[in-house]
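As structure tokens, the structure follows; a few thoughts come after it.
The values are calculated or read from the model by the stated rules, or taken from the named source; none is laboratory data. Treat the numbers as computed from the prediction; the structure is a model and nothing was measured. A quick note on method: Cβ atoms are made from the backbone with ideal geometry, for glycine too, and the neighbour counts reach across all protein chains shown.
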Amino acid sequence: MKALKKISLLAVLCLGLAACKKENQFQPDSSLFEQKLNNQAATAGTQAIVTGFPEGFESATKGSYAAASVTLSSGSWNLDDALIGNLTADAKNGNQSVRIRNTGILSMNFDVNGADAVSIAHGKYGTDANSTWQLWYSTNGGSSWSQSGSTITSSTNTLSTVTFNTAISGNVRFQIRKISGGTARINIDDFSITVGGTTNPPVTPGDDSNLLMGNPSNAVASTSYPENYLMERTYYTLSYSKTRATPNWVSWHIGSSDLGATPRQDDFRADNTLPSGWYQVSNSSYSGSGFDRGHNCPSADRTASVAANSATFLMSNMMPQAPNNNQGPWADLENYTRSLVTAGNEVYVICGSYGSGGTGSNGGLTYTIDNGRINVPSNTWKVIVVLPNGNNDLSRITSSTRVITVNMPNTNGLNTNWKTYRTTVNAIESATGYDILSNVPAAIQSAIESTTDNL
């Protein structure tokens, strides 16, 4: 496999800060959360958090859904069909978050000077149904508005964090618009704006590189970004979450030279290359949990050598998977993917997990294992780009290139046919906030990311 080129990418704020519902030690106090983010920006030295942010919505009260403005630590915000919630069912860090219903809007009444990135924690209220929302911005004092990034789905009642790479200079203000779900409510918290980044242009890696399709979350190889920590390996590349103790996503290439006769090593082990002080998941951390040590990059995709196969057994490549997910349709899709390679294709694979709460062999909904140290995802997903063997891979992707995308609930009652769970790249991006095929030209992305595979 060709050497993976280093990529210098825009530093972004935490992704996937999914605080565990049952483990209060993972629910940061708002003031500590703000201090943590500011410390991260100071250490990175490339971006700073705008004064007054992150906005944790702790410094004001509003108990009615009627449209009104409130003064918060960052400035004045208008809440229309929205209030500041402090109930047990409100997904929140600290004591409060904004709760929005119907097609309500949370809007800044003030401008900031530039925004390289906007980071927002979101979740659904209690047991309400899923809802979708969008981030909008205005550069003319609110006279007109434009959407930023993709539509996001709030599907769990624990907070997840999505980052929008806005790259806006000059005066700008933002608003959040709930666009679906009716009376189902969502919560918004820890609204953060970063500015002042000085980064080098991204370098597109070469053929067969793990990140040829792009860096879905703009992960950064810096401990200043513990929830979106880039780990570049020879055989796969991942974004790791310190809080969840699992990858956010893993990306790799499979060609015929990656498939050989090396047997499965089964040497599950802690990843001692994680930064000092980070918890290292061990080979026994999943024991008795009812969940498999589920590979992101599969063992059988790396059978050309002992070193390649062994690399897949690092626990930083694992996620807690319901056995009937991991050993059923997920394994069948892995086998099918390799059959495409042996039939004369090469594939680029990006996979990961999101949300909190899965059902393993022990029954019942489980949010964490290993005494609260490891998050159990609610969903596992995968995107597979299929190309006939050849060179200049990125330039060979067209609007008719086959892209297989699946999204599987992390439960033990799955239908055994992986095709049941096919969806679009757009749907995964909406659920995660990622830009999964970011190196593909925009017009081609638009075509292949909106299509559900049917072969």
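Residue-wise test of (1) closer than 23 Å to residue 332 by Cα; (2) out of contact with any Ser or Thr (no Cβ under 6 Å at 6 or more places or on another chain); (3) in contact (Cβ under 8 Å) with a residue 12 or more places away in the chain.
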{"position": "391", "(1), (2), (3)": "no, yes, yes"}
{"position": "398", "(1), (2), (3)": "no, yes, yes"}
{"position": "412", "(1), (2), (3)": "yes, no, yes"}
{"position": "417", "(1), (2), (3)": "yes, yes, yes"}
{"position": "423", "(1), (2), (3)": "yes, no, yes"}
{"position": "431", "(1), (2), (3)": "no, no, yes"}
{"position": "435", "(1), (2), (3)": "no, yes, yes"}
{"position": "440", "(1), (2), (3)": "no, yes, yes"}
{"position": "446", "(1), (2), (3)": "no, yes, no"}
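Being touching a strand residue (DSSP E or B) at 6+ places or on another chain (Cβ under 8 Å) and modelled with pLDDT under 95: is that true of residue 157 here? When the stated conditions are applied, residue 157 passes them.
From the list 160, 239, 222, pick out the single residue that is more than 22 Å from residue 114 (Cβ to Cβ) and not assigned by TED's automatic domain parsing to the domain that holds residue 378.
Sole residue among the options that is more than 22 Å from residue 114 (Cβ to Cβ) and not assigned by TED's automatic domain parsing to the domain that holds residue 378: 160.
Matching residues to (1) among the acidic types (Asp, Glu); (2) at pLDDT below 85; (3) under 21 Å from residue 56 (Cβ atoms); (4) not assigned by TED's automatic domain parsing to the domain that holds residue 158:
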{"residue": "186", "(1), (2), (3), (4)": "no, no, yes, no"}
{"residue": "189", "(1), (2), (3), (4)": "yes, no, yes, no"}
{"residue": "201", "(1), (2), (3), (4)": "no, yes, no, yes"}
{"residue": "204", "(1), (2), (3), (4)": "no, yes, no, yes"}
{"residue": "207", "(1), (2), (3), (4)": "yes, no, no, yes"}
{"residue": "211", "(1), (2), (3), (4)": "no, no, no, yes"}
{"residue": "216", "(1), (2), (3), (4)": "no, no, no, yes"}
{"residue": "234", "(1), (2), (3), (4)": "no, no, no, yes"}
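Close Cβ contacts (under 7 Å, 6 or more residues apart or on different chains) running from residues in region 339-363 that are under 18 Å from residue 286 (Cβ atoms) to residues that are among the β-branched types (Val, Ile, Thr) and surrounded by fewer than 19 Cβ atoms within 10 Å (Cβ to Cβ) comprise 358/411; 359/411.
All told, residue 279 falls short of being farther than 18 Å from residue 405 by Cβ and surrounded by 23 or more Cβ atoms within 10 Å (Cβ to Cβ). Looking at region 212-247 only, could you name the residues that are closer than 17 Å to residue 318 by Cβ and touching a strand residue (DSSP E or B) at 6+ places or on another chain (Cβ under 6 Å)? Those that are closer than 17 Å to residue 318 by Cβ and touching a strand residue (DSSP E or B) at 6+ places or on another chain (Cβ under 6 Å): 229, 231, 236, 237, 238, 239, 240, 241, 244, 245, 246, 247. Has region 310-331 got at least one residue that is touching a His at 6+ places or on another chain (Cβ under 6 Å) and more than 15 Å from residue 247 (Cβ to Cβ)? Within region 310-331, not a single residue is touching a His at 6+ places or on another chain (Cβ under 6 Å) and more than 15 Å from residue 247 (Cβ to Cβ).
Report whether or not residue 311 is under 25 Å from the mean Cα position of the chain (by Cα) and without any contact (Cβ under 8 Å) to a residue 40 or more places away in the chain.
So residue 311 does not fit the description; no.
Here region 243-265 is the region considered, the condition is being of a type outside the set (A, V, I, L, M, F, W, C) and outside any loop (DSSP other than H, G, I, E, B), and the residue that is nearest to residue 347 (Cα to Cα) is 253.
For every residue, the table says whether it meets (1) among the aromatic types (Phe, Trp, Tyr); (2) under 23 Å from residue 205 (Cβ atoms); (3) in contact with a Cys (Cβ under 7 Å, 6 or more places away or on another chain); (4) crowded, with 21+ Cβ neighbours inside 10 Å.
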{"site": "304", "(1), (2), (3), (4)": "no, yes, no, no"}
{"site": "316", "(1), (2), (3), (4)": "no, yes, no, yes"}
{"site": "321", "(1), (2), (3), (4)": "no, no, no, yes"}
{"site": "327", "(1), (2), (3), (4)": "no, no, no, no"}
{"site": "330", "(1), (2), (3), (4)": "yes, no, no, yes"}
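Where strands (runs of 3 or more DSSP E) fall entirely within region 113-206, those with at least 1 residues that are on the phi > 0 side of the Ramachandran plot and surrounded by fewer than 23 Cβ atoms within 10 Å (Cβ to Cβ) are at 146-154, 168-180.
In region 412-427 there is at least one residue that is at pLDDT 95 or above and of a type in the set (A, V, I, L, M). Just one of the listed residues (438, 399, 446, 430) is of a type outside the set (A, V, I, L, M) and over 22 Å from the mean Cα position of the chain (by Cα), and it is 399. All of 240, 235 fail the test of being in a loop (DSSP other than H, G, I, E, B), touching a residue at least 40 places away in the same chain (Cβ under 8 Å), within 28 Å of residue 346 (Cβ to Cβ) and among the aromatic types (Phe, Trp, Tyr), apart from 235. Summed over region 380-420, residues that are in a loop (DSSP other than H, G, I, E, B) and either hydroxyl-bearing (Ser, Thr, Tyr) or crowded, with 18+ Cβ neighbours inside 10 Å (or both) total 10.
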